[in-house]
Amino acid sequence: MASRYYQEMQESFRNNNKSREFPAHSAKVHSVAWSCDGRRLASGSFDKTASVFVLEKDRLVKENNYRGHGDSVDQLCWHPTNPDVFVTASGDKTIRIWDVRTTKCTATVNTKGENINICWSPDGQTIAVGNKDDVVTFIDVKSHRSRAEEQFKFEVNEISWNNDNNMFFLTNGNGCINILSYPELKPIQSINAHPSNCICIKFDPTGKYFATGSADALVSLWTVEELVCVRCFSRLDWPVRTLSFSHDGKMLASASEDHFIDIAEVETGEKLWEVQCESPTFTVAWHPKRPLLAYACDDKEGKYDNNREAGTVKLFGLPNDS
């Protein structure tokens with residue numbers, strides 16, 4: 001018997017299954033993220049810039065383009081509670097903190113390597129950034145200085161704090177999830193999560209679950225309390241690159257090189273919907289308040305010109321008549 005939530009969301013997506021794309025960059029988009037209040041969406045691109053859009057009723061309106069990085073912007077994230085501040089990680093060995101009110105870079109922090117992943121602690125005080133040499137640096141947001149630096153002996157893929165801010169999680173190339181205490185950074189546990197490379201990790205907003213995506217094309221759902229895997233989602237055929245929980249924690253979007261984004265009901269594992277894409281998807285992000293999904297694909301096989309890379313940001317969940 002399908003849950004009531006399942007029926008409600010099916011009905012909602014039947015009426016709101018339009019996707020729309022918005023020009024954002026001159027090359028492919030690696031990362032999209034919403035501000036905590038859901039008013040703005042930021043995107044980071046291979047073109048070395050970040051863009052910020054304001055969400056108006058059913059569309060994204062470009063507000064600004066942020067220049068300064070000397071290499072690709074691989075990942076970005078917003079301050080957990082301040083909707084005006086975001087941070088970008090780049091291959092140019094820096095991270096930059098930006099303020100949308102002044103549209104300026106408020107800090108550039110030099111790091112030791114080419115940065116590929118970044119996250120902001122839930123208490124807003126620390127930014128963790130990981131580089132291609134598997135070093136994770138913890139940066140104090142006020143002083144812009146490194147608080148700690150950890151060199152790992154394995155390939156570090158994605159990094160995240162738990163919602164309580166007292167544990168730090170890494171997914172690694174051996175299929176494991178490594179858990180460290182925070183701020184001590186002492187190893188607590190290593191979970192053999194997948195038979196192959198464990199790529200991405202996300203915590204649900206309610207703090208009950210986290211999900212990991214792997215090169216084996218599986219998404220696993222874990223309880224935060226017991227660290228037990230409660231279910232797997234197996235509708236994708238390619239390595240899972242990106243995950244996002246909806247604001248209520250009840251839906252999980254996952255994407256890969258498959259030409260669709262899978263939207264699952266978290267409690268049952270059932271497929272709620274799939275969003276059709278014309279090419280591999282790099283990044284997905286649910287809006288923090290409504291069932292709107294931002295995402296970005298490899299636009300190389302663009303509708304216009306095969307040789308020109310486009311960099312569009314897409315929004316799914318718009319009313320069919322919009």
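Here the relative contact order of segment 1-139, from alpha carbon pairs under 8 Å that lie six or more residues apart, stands at 15 percent. Surface exposure of the chain, expressed per residue as accessible area with a 1.4 Å probe, stands at 43 Å². Segment 87-104 and segment 2-61 have Cα centres spaced 21 Å apart. For ARG147 and GLU56, the FRET efficiency from 1/(1 + (r/R0)^6), where r spans their Cβ atoms and R0 equals 45 Å, is about 0.70.
A crude spin-label estimate for the pair VAL230 and ARG4, with each label 7 Å from Cα along the Cβ direction, gives 1.9 nm. Secondary-structure-derived ellipticity at 222 nm for the chain, considering helices only, amounts to -1000 deg cm²/dmol, per-run term -39500 (n - 2.57) for DSSP H runs with n ≥ 4.
Overall, segment 45-109 carries a charge dipole of about 120 debye about its Cα centre when +1 sits on the Cβ of Lys and Arg and -1 on the Cβ of Asp and Glu, all other atoms neutral. In this simple spin-label approximation, GLU21 and TRP238 carry label points 7 Å from Cα along the Cα→Cβ vector, and these lie 1.5 nm apart.
A 1.4 Å probe, protein heavy atoms only, puts the accessible area of ILE191 near 20 Å². Note on LYS153: aspartates and glutamates with a C-alpha under 18 Å away, same-chain residues under 8 apart excluded, are GLU114, ASP133, ASP134.
How high is the relative contact order of the chain? Use alpha-carbon pairs under 8 Å, at least six apart in sequence, and give a whole percent.
Numbers: 921 pairs, mean separation 48.2, N = 322.
Taking the mean separation of contacting Cα pairs over the length of the chain, I get 15 percent.
Could you sort out which of LYS132/LYS289; LYS93/LYS202; LYS93/LYS314; LYS28/LYS112 sit more than 27 Å apart by Cα distance in this structure? Long pairs (Cα-Cα over 27 Å): LYS132/LYS289; LYS93/LYS314.
Using heavy-atom solvent-accessible surface (probe 1.4 Å) with all chains present, what is the largest-first order of VAL228, VAL156, VAL61? Intermediate results must be reported in sequence, preceding the final value.
Values: VAL228 70, VAL156 5, VAL61 45 Å².
Reading off the accessible areas and sorting them downward yields VAL228, VAL61, VAL156.
Assuming charge only on the beta carbon of Lys and Arg (+1) and of Asp and Glu (-1), the dipole of the chain about its Cα centre is about 820 debye to the nearest 20. Could you tell me what percent of the accessible area of segment 197-322 is made up of carbon and sulfur, with a 1.4 Å probe and every protein chain present? Within segment 197-322, the accessible surface is 49 percent carbon and sulfur.
Protein heavy-atom surface of segment 60-163, 1.4 angstrom probe: 43% of the accessible area is carbon and sulfur, with nucleic acids and ligands not counted. Relative contact order for segment 172-322: 13 percent, from Cα pairs under 8 Å spaced at least 6 residues apart, divided by residue count.
Here the spin labels are modelled as points 7 Å beyond Cα on the Cα-Cβ line, and at SER196 and LEU318 they lie 3.6 nm apart. Residues of segment 244-260 falling in the label zone of LYS132, defined by backbone nitrogen less than 19 Å from a point 7 Å along Cα to beta-carbon, are absent. Remark: the ARG101-GLU184 segment gains 26.4 nm on full extension, using 0.36 nm per residue and subtracting the alpha carbon distance.
The residues packed around ALA148, meaning those with a beta-carbon under 11 Å from its beta-carbon, carry a net charge of -2 if Lys and Arg are +1 and Asp and Glu are -1. In this structure the amide hydrogen of PHE282, modeled in the peptide plane, comes within under 5 Å of the amide hydrogens of ALA296, CYS297, ASP298, none closer than 5 places in sequence on its chain.
The values are calculated or read from the model by the stated rules, or taken from the named source; none is laboratory data. This is a predicted model, so every value here is computed, not measured. All Cβ positions, even for glycine, are placed from backbone atoms using ideal geometry, and neighbour counts span all protein chains on display. Accessible surface is based on the protein model in full, side chains and every heavy atom, while ligands, DNA and RNA are left aside. Shrake-Rupley method; radii C 1.70, N 1.55, O 1.52, S 1.80 Å.
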